[in-house]
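Heads up, the thing below is written out as structure tokens.
Derivation of every value follows stated rules applied to the coordinates shown; laboratory data play no part. What you see is a predicted model, and the numbers here were worked out from it, not measured in a lab. Cβ atoms come from the backbone with ideal geometry, glycine included; neighbour counts cover every protein chain shown.
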Amino acid sequence: MAELLNKQELHNLAMNIVGKDLEEQGFEFLGVNSQLKRNPQFVALKNKKLHFVIVRAVGYPENANTYDEGFMSEMKLHADKFNARTFYAGVGLGSAEDYGKPVEKGDAYTVIYNGLQEIE
């Protein structure tokens, strides 16, 4: 039986996807934290403005665009202390053959990533 990616490996994959997107948008990384349960994952500058980005890897049937509002409110309060903007980046990951199945090591995968969602 094939080995599945664990939570940290899925998180790292999501971090790479979001990190590449941030680079393409011209963000400058000040801090990157890829450990699970350490937030924010990215502290970045763009146009001289500080941004906190929370990254989450989710699998089917979870919706990549849905976040924990209470937790994100806490993150926004934290970011506000630094005059930073707060963003959620949800990344849906599933098997390329069947999105409803988890990602196996060494296999192709499907990504559902709709970009950054600002937390107002």
Out of Leu50, Leu22, Leu36, Leu30, which single residue is farther than 26 Å from Asn6 by Cβ, of a type outside the set (D, E, K, R) and touching a residue at least 24 places away in the same chain (Cβ under 8 Å)? Leu50
Give the number of residues within segment 5-19 that are of a type outside the set (A, V, I, L, M, F, W, C) and within 11 Å of the chain's Cα centre (by Cα). 4
Does Gly70 fit the bill of being surrounded by 14 or more Cβ atoms within 10 Å (Cβ to Cβ) and not β-branched (Val, Ile, Thr)? no
Check whether at least one residue in segment 93-114 is under 17 Å from Asn33 (Cα atoms) and surrounded by 12 or more Cβ atoms within 10 Å (Cβ to Cβ), and report yes or no. no
Only one residue in Lys81, Lys105 is free of Cβ contacts under 8 Å to residues at least 40 places away in the same chain and of a type in the set (D, E, K, R), so which one is that? Lys81
